[in-house]
Amino acid sequence: MPSPHGEVEARALLELLWLVEPRERRVLLLVGEGEQVSQVARSLGLPPGTAFSRLRRGRSRLAHVLKRWRRLR
């Protein structure tokens, strides 16, 4: 599915991911690889609600940095 933010170079996206908190980034990456949040929670030893919260915060933070990045381009 296309990104709602348009095309973003893979390299730029990887650089922007470093602006997301490490705990949130880890969940984002695992879910992005196709794992279910419940699986991610189990593999990281987290309660499911914590994994969902980190995913939500990570997505929000990434959306924020993507918007700023696109404005500066």
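The values are calculated or read from the model by the stated rules, or taken from the named source; none is laboratory data. Remember, predicted model here, so these are calculated numbers, not experimental data. Positions of Cβ are generated from backbone atoms using ideal geometry, with glycine treated the same way; all protein chains shown enter the neighbour counts.
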Out of (1) surrounded by fewer than 14 Cβ atoms within 10 Å (Cβ to Cβ); (2) modelled with pLDDT under 95; (3) not small (Gly, Ala, Ser), the odd one out for residue 65 is which? (1)
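Give the residues of region 30-58 that are assigned to a helix (DSSP H, G or I) and modelled with pLDDT under 95, sorted by residue number. Please lay out each step first, then the result.
Quick first cut of region 30-58, residues assigned to a helix (DSSP H, G or I) only: 30-32, 37-44, 48-58.
Result: 32, single match.
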Among the residues of region 24-50, how many are closer than 26 Å to residue 11 by Cα and touching a residue at least 12 places away in the same chain (Cβ under 8 Å)? 10
